[in-house]
Amino acid sequence: MSDEKERAELLAALHAAGAASEEDEKELEALIEADPSLVAVVKDFQDSIMALASSFEPLQTSPKTLGQIQKKIAREKGGFLTKLRSWLSEL
Amino acid sequence: MTDGRPVDPAQLVAAMAAGDSGSPLSDLYALYASTVLALLMKMLGSRSEAEEILQEVFVELWRRAPQYDSSRGSVVAWIVTVARSRALDALRARSRRHGDKQLHFSDRHALGTESGRPDVLVSSTRWHQALRQAFEQLGEDQRAVLELSYFLGMSHDQIAQTLNLPVGTVKSRILAGMRALRTMLPIIHRSMVA
C-alpha cells in the first residue's frame, strides 16, 4: 500500500473511532475531496464501529420510559422547538 | 409492529419527520431502546443516568427526524451516533462537575460477555453473541484504544497520555483494531447466513 493510501486509511480509522483531531479531520476532508472513493473506506470503518457499539447485551428498559419520552415531546409540540424542527426540515 | 409485520425503520423515521409522535416513535423505541440502553450503560456505568439519557436520545431522534438522510447511513447508525454523542456530553458534564482532568477508564467499559449481571437482560440474539465473540478476538491493546476513543470520546493525544504510550503507537493500534473489525464483520454475516 502506498504511503498516501496508508495515511488516508489511518485518518479514516481515526475519524470512525472518534479519535481524530481537528487537523486530522481537515486533512481527511481534503483527501476525500481529491479522491471521493475514500468515502467507502470511511463508511466501512464506520459500519464496523457501529456493529461494535450495538453488540452489547440488550437491556430491558423501564416500563415508564416511553411514556416519559412521549410527555416530553408533547410539551415541545407547539412550542419554539417545533418551529425550529419545521425550519430544519426545509433545509 | 403490533400486527406482527416487519417494520422498516426508515419509514418510521419518515413518519416521525412528518410530525407523528405516536406509533412510529413507539415502534422505533421497541426496536432499538434496549440496544441503546445497553450502549449507554456501557459508556456511563450508571443505570439511572443511562435511563435518563435514553429519554433524551429518543426526544432528540424525534426532533432530528426531518434531518435523517438514508443515503448517509442506516437508521441504527444514526441512532447510535446520537446516543454516543449524548453519552459523551454526559461524561464531559460529569467530568466538569467532579473536576476530573481525565475521564476514567475502568473495567465496566471492557468489552466482553456480561452474563451474570444483575440488570434484567433481554434475550440475547445470535447476532449479538456472534459480534461479541468476534470482538473478543481483538487484541487487548487494540480493544483498549478503541474503547477509550469511541466510548469515552478521547482524542489520540488523550489516549496516549492515559496509557502512557507514544501518539504514533496509539494511532497504529487504532488502525490495526479498525482493520481487524472490518475483517470480522463479513465473517459474522456469513456465519449468520449459514
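Just so you know, all these numbers are worked out from the coordinates, no wet-lab data involved. In this text, all values refer to a predicted model and were calculated from it rather than measured experimentally. Note: ideal-geometry Cβ built from the backbone for every residue, glycine included; neighbour counts use all protein chains shown.
Computed quantities for the displayed model
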{"item": "Residue-wise HN-Hα coupling along segment B:164-179, computed from phi with Karplus coefficients 6.51, -1.76, 1.60 (Hz; x: Gly, Pro)", "result": "6, 10, x, 4, x, 5, 4, 4, 5, 5, 4, 4, 5, x, 5, 5"}
{"item": "Hz values of 3J(HN,Hα) by residue in segment B:83-93 - Karplus curve (6.51, -1.76, 1.60), Gly and Pro given as x", "result": "5, 4, 4, 5, 5, 5, 4, 5, 5, 5, 5"}
{"item": "Full-extension gain in nm, B:Q11 to B:Q129, via 0.36 nm per residue minus C-alpha separation", "result": "39.7 nm"}
{"item": "Residue-by-residue Karplus 3J(HN,Hα) for segment A:52-64, coefficients 6.51, -1.76, 1.60, Hz, glycine and proline x", "result": "4, 5, 9, 9, 6, 3, x, 10, 5, 7, 5, x, 7"}
{"item": "Links that overshoot a 30 Å alpha carbon limit, given the list A:K43/A:K72; A:K26/A:K71; A:K26/A:K72; A:K26/A:K77; A:K72/B:K171; A:K71/B:K42", "result": "A:K43/A:K72; A:K26/A:K71; A:K26/A:K72; A:K26/A:K77; A:K72/B:K171"}
{"item": "Cβ charges +1 (Lys, Arg) and -1 (Asp, Glu), total dipole of segment A:20-79, debye", "result": "1040"}
{"item": "Computed label-point distance, nm, for sites A:A40 and B:Q137 using a 7 Å Cα→Cβ extension", "result": "2.4"}
{"item": "Net +/- balance of residues flanking B:T35 in space, Cβ distance below 12 Å, scoring K and R +1, D and E -1", "result": "0"}
{"item": "Residue among A:F56, A:L38, A:G18 farthest towards the positive dipole end of segment A:14-63, charges placed on Cβ", "result": "A:F56"}
